[in-house]
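Throughout, read-outs are computed from the coordinates displayed, never taken from laboratory work. These numbers were taken from a predicted model, which means no experiment stands behind them. Note: ideal-geometry Cβ built from the backbone for every residue, glycine included; neighbour counts use all protein chains shown.
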Amino acid sequence: MRENKLPKWFDGELYESGDEVTNRFSGKKYTLTAEELSMYDFIMGAQLVLEMGMMDKPKIVEDLRKGLDWFRKNNNKAYMVLLD
């Protein structure tokens, strides 16, 4: 089993391997580690839930902000390509 290098508050799925991700707006690509991909999918899922109004917004907004902060701190280059 992989060692989880994600923050303790992270309750998403931890992937076994990373993959290449494409920014849906710019078409730019970036290869992420397993932890980065896990956080990226967590962020994208939180955004989707907010857009659909499916859950308690304050908790989702807080988790989304923490995820974005984690990404900026841990891989600012990927953040700028995929999430900015």
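Residues in the range 25-78 that are in contact with an Asp or Glu (Cβ under 6 Å, 6 or more places away or on another chain), farther than 17 Å from Lys5 by Cβ and in a helix (DSSP H, G or I): Ala46 alone. For Ser17, the requirement of being in a loop (DSSP other than H, G, I, E, B), of a type outside the set (Val, Ile, Thr) and within 11 Å of Leu82 (Cβ to Cβ) is not met. Identify all residues within the range 27-84 that are in contact with a helix residue (DSSP H, G or I) (Cβ under 8 Å, 6 or more places away or on another chain) and hydroxyl-bearing (Ser, Thr, Tyr); write none if there are none. Answer for the range 27-84, where residues must be in contact with a helix residue (DSSP H, G or I) (Cβ under 8 Å, 6 or more places away or on another chain) and hydroxyl-bearing (Ser, Thr, Tyr): Tyr30, Tyr40, Tyr79. Against the condition among the hydrophobic types (A, V, I, L, M, F, W, C) and either surrounded by 14 or more Cβ atoms within 10 Å (Cβ to Cβ) or not in a helix (DSSP H, G or I) (or both), how does Val81 come out, does it pass? Yes: the conditions hold for Val81.
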